[in-house]
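Working notes, beginning with the structure itself.
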């Protein structure tokens, strides 16, 4: 049985990590097999790549180097975690996935989208369902800035113009692929966002024939 790959996308501060965790907890309560991963990361190699990508020490990183590192970490995550878990029938929930590359390195950095898409096609895995937690870039960045002890990473330090391009890219992707994308207003209360994400995921899981394990 093939599982389900559910991804959360959105600008900084939109609540992806929180909602991915809440969805996993709710699905577990429903008795559905669930695995949560994050990008970049989730493997020994991926976590090391994450440190490089987010470190402010590497502020002069070339855009194509950035795209390549994200793709390398993703390939390792697929090999070690995502593909094996989906083969077992799990619902895999990813805090970011391929669309982040299209939004940040494509729409944000201005890299050629066709080349980025070809890089991701080599991985041969596409999300079944993508939640876009939509929020104006300036709102998301302000949320991040008020978190106690939070130090902005390399990408968070980009200006609001960059992050607005990222958001616009996401919205364009959602318009082009409405079957996969489900856009949620991330300005709503987190509980309301979580309820909507759970409802849609349960519908997709049922259609896929994923059954409760207890």
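The values are calculated or read from the model by the stated rules, or taken from the named source; none is laboratory data. For clarity, every value in this text was computed on a predicted model and none was experimentally measured. So basically every Cβ, Gly included, is an ideal-geometry build from the backbone, and we count neighbours across all protein chains shown.
In this structure, does residue 5 turn out to be under 16 Å from the mean Cα position of the chain (by Cα), in a helix (DSSP H, G or I) and touching a residue at least 12 places away in the same chain (Cβ under 8 Å)?
Here the answer is no, as residue 5 does not meet what is asked.
Could you tell me whether residue 178 is in a loop (DSSP other than H, G, I, E, B) and either over 16 Å from residue 9 (Cβ atoms) or touching a residue at least 12 places away in the same chain (Cβ under 8 Å) (or both)?
No, not satisfied.
Every residue, every condition in (1) crowded, with 16+ Cβ neighbours inside 10 Å; (2) in contact with a strand residue (DSSP E or B) (Cβ under 7 Å, 6 or more places away or on another chain); (3) over 30 Å from residue 33 (Cα atoms), yes or no:
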{"residue": "50", "(1), (2), (3)": "yes, no, no"}
{"residue": "53", "(1), (2), (3)": "yes, no, yes"}
{"residue": "66", "(1), (2), (3)": "yes, no, yes"}
{"residue": "71", "(1), (2), (3)": "yes, no, no"}
{"residue": "94", "(1), (2), (3)": "yes, yes, no"}
{"residue": "120", "(1), (2), (3)": "yes, no, no"}
{"residue": "128", "(1), (2), (3)": "yes, yes, no"}
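For region 169-188, which residues satisfy the criterion of being surrounded by fewer than 19 Cβ atoms within 10 Å (Cβ to Cβ) and farther than 21 Å from residue 106 by Cα?
Listed by number, the residues that qualify are 179, 185, 187, 188.
Residue by residue, here is whether (1) more than 19 Å from the chain's Cα centre (by Cα); (2) more than 20 Å from residue 96 (Cβ to Cβ); (3) outside any loop (DSSP other than H, G, I, E, B); (4) modelled with pLDDT under 95 holds:
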{"position": "143", "(1), (2), (3), (4)": "no, no, yes, yes"}
{"position": "148", "(1), (2), (3), (4)": "yes, yes, no, yes"}
{"position": "163", "(1), (2), (3), (4)": "no, no, yes, no"}
{"position": "183", "(1), (2), (3), (4)": "no, no, yes, no"}
{"position": "196", "(1), (2), (3), (4)": "no, no, yes, no"}
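Would you pick out the residues in region 75-101 that are in contact (Cβ under 8 Å) with a residue 12 or more places away in the chain and more than 19 Å from residue 50 (Cβ to Cβ)?
Matches in region 75-101: 83, 85, 86, 87, 88, 89, 90, 91.
Take residue 108 and decide whether it is touching a strand residue (DSSP E or B) at 6+ places or on another chain (Cβ under 6 Å), surrounded by 21 or more Cβ atoms within 10 Å (Cβ to Cβ), under 28 Å from residue 142 (Cα atoms) and modelled with pLDDT of 95 or more.
no
Listed residues 24, 20; which is out of contact with any helix residue (DSSP H, G or I) (no Cβ under 7 Å at 6 or more places or on another chain), buried (at least 21 other Cβ atoms within 10 Å of the Cβ) and modelled with pLDDT of 95 or more?
Step by step, each of 24, 20 is checked, and only 20 is out of contact with any helix residue (DSSP H, G or I) (no Cβ under 7 Å at 6 or more places or on another chain), buried (at least 21 other Cβ atoms within 10 Å of the Cβ) and modelled with pLDDT of 95 or more.
Name, by its number, the condition in (1) closer than 17 Å to residue 17 by Cβ; (2) touching a residue at least 60 places away in the same chain (Cβ under 8 Å) that does not hold for residue 184.
Here residue 184 meets the rest and fails (2).
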